[in-house]
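**Student:** Quick one: the structure is below, questions incoming.
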Amino acid sequence: MRDAITLRAVMIMAGVLLLQLAFALSYMGALHNPRPHKIALDVVAPAVVSPGLVERINALPNEPLNATAVSDKAQAEKRLLDRSSSAALVVRPAARADILMIASAGGPSVADATEQIVQKIEKAQLRAVQVEDIRPPAKGDGNGVSSFYLVLSWTIGGYLAASALNMAAGSKRPSLKRTSVRLAAMVPYAVVSGIGGAIIVGPVLHSLPGAFWDLVGLGVLIVLAGATVGVALQSLAGTVGLGLTILTFTVLGNPSSGGIYPAALLPPFWAAIGQALPPGAGTTAVRNTVYFDGHDTAGAVWILIAWVFGGVLVAVVSALLRDRREQARHGVEPA
């Protein structure tokens with residue numbers, strides 16, 4: 001046993017087990033029981049009806065909707081397309097049915113949840129609901145999750161490429177020179193990954209048609225976020241660093257990203273962290289770029305840039321300090 005399994009191997013297996021259990025807990029904890037919470041709903045109604053209706057909607061148990069009165073249908077449609085709201089209820093007293101406007105390309109699950117809640121409200125008032133989907137997903141993106149899976153492939157590819165470089169070098173001590181070369185090597189890899197992903201979801205599968213070069217740029221950022229953080233954490237902690245990268249991007253980042261269920265349907269912890277991590281920021285940026293003319297993407301892009309910058313900074317500083325310690329240990333005056 002001692003010859004076949006070393007203490008280091010046992011410790012790595014224990015780490016893998018913890019990562020596996022964390023994976024199960026995070027995914028099932030986030031996705032096992034989606035409950036709507038404060039889904040942004042605009043309400044268009046006559047002046048005598050609007051205040052009372054908005055108040056009743058906001059007083060629903062567990063606050064599934066967050067209603068706001070707007071002046072007319074045109075304003076509600078504009079707010080829906082610039083991602084200020086998730087749905088809009090247009091009350092028509094002279095008709096038998098009111099209109100519920102949705103944009104299911106922004107997340108079919110939140111659109112479905114809103115429709116179910118509004119139908120119950122209207123049924124209690126003996127009225128019907130007519131659903132208008134003003135921005136559905138593309139034909140090749142029937143379930144609306146192509147953005148999530150594209151970002152998933154980019155993030156995983158980024159940190160696995162960093163890990164592959166580390167292993168190919170025999171896990172040699174990441175000096176400043178080696179770290180700089182590894183970081184530089186991630187740039188062409190990210191460019192090719194961005195172009196390849198955009199080709200697959202665009203001309204090949206027609207899942208996310210349009211905005212080709214915008215997708216390429218986002219792909220480069222997302223891959224670099226995974227790659228630079230991967231280099232940084234492996235520079236700091238070696239093999240454990242790969243586990244920390246997987247924990248950040250896959251275990252925590254993917255279920256909270258909004259790709260399957262948007263933040264309005266997630267438990268508080270996952271809703272809070274989702275858009276601060278690269279998978280969530282990337283999914284929002286890709287989805288809004290393709291379907292909503294780039295509205296509400298600036299914050300997500302800056303988050304991705306911050307992760308890239310942070311990864312480079314940590315990797316370089318860690319390698320520099322390590323070089324200085326090595327030089328001091330061998331009696332060499334640091335440059």
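**Student:** Excluding same-chain residues fewer than 8 positions from LYS177, which aspartates and glutamates have a Cα within less than 13 Å of its Cα?
**Tutor:** Reachable aspartates and glutamates: ASP323.
**Student:** With the radius of gyration and the Kirkwood radius both derived from the Cα set of the chain, what is their ratio Rg to Rh? Walk me through the intermediate numbers first.
**Tutor:** Details: Rg = 24.1 Å, Rh = 22.0 Å.
Ratio value, two decimals: 1.09.
**Student:** Going by how many other beta carbons lie within 10 Å of each one, how would you line up SER86, SER71, SER104, SER257, fewest first?
**Tutor:** In increasing order of surrounding Cβ atoms, one gets SER71, SER104, SER86, SER257.
**Student:** A follow-up question, please. Could you point to the residue in GLY106, TYR149, ALA190 farthest towards the positive end of the stretch 88-217's charge dipole, with +1 and -1 charges on the Cβ of Lys/Arg and Asp/Glu respectively?
**Tutor:** So the residue we want is ALA190.
**Student:** Suppose every Lys and Arg Cβ carries +1 and every Asp and Glu Cβ carries -1, with no other charges. What dipole size does the stretch 39-133 come out with about its Cα centre, to the nearest 20 debye?
**Tutor:** Numbers: 10 positive and 12 negative charges, 47 e Å.
Here the stretch 39-133 has a charge dipole of around 220 debye.
**Student:** While we're here: As an exercise, take the mean of 1/r over every pair of distinct alpha carbons in the stretch 39-133, invert it, and state the Kirkwood radius in angstroms. Show your work: numbers first, answer last.
**Tutor:** Values: mean 1/r = 0.0768 Å⁻¹.
13.0 Å is the Kirkwood radius here.
**Student:** Quick one: Debye curve from the alpha-carbon atoms of the stretch 146-329 only, equal weights, vacuum; give me log10 I(q)/I(0) at q = 0.12 Å⁻¹ to two decimals.
**Tutor:** -0.55
**Student:** Sequence neighbours fewer than 8 away in the same chain don't count; with that in mind, list the lysines whose C-alpha is under 23 Å from LYS38.
**Tutor:** Filter leaves LYS73, LYS78, LYS120, LYS123.
**Student:** If you take every residue apart from LEU208 with its C-beta less than 13 Å away from the C-beta of LEU208, what net charge results, scoring Lys and Arg +1 and Asp and Glu -1? All intermediate terms of the calculation are to be shown ahead of the outcome.
**Tutor:** Details: positive: LYS139, ARG287; negative: ASP141, ASP214.
Combined, the nearby Lys, Arg, Asp and Glu give 0.
Any read-out appearing in this document is the output of simple, stated calculations on the displayed coordinates, not a laboratory observation. All figures in this text were calculated on a predicted structure; none of them were measured in a lab. Note: ideal-geometry Cβ built from the backbone for every residue, glycine included; neighbour counts use all protein chains shown.
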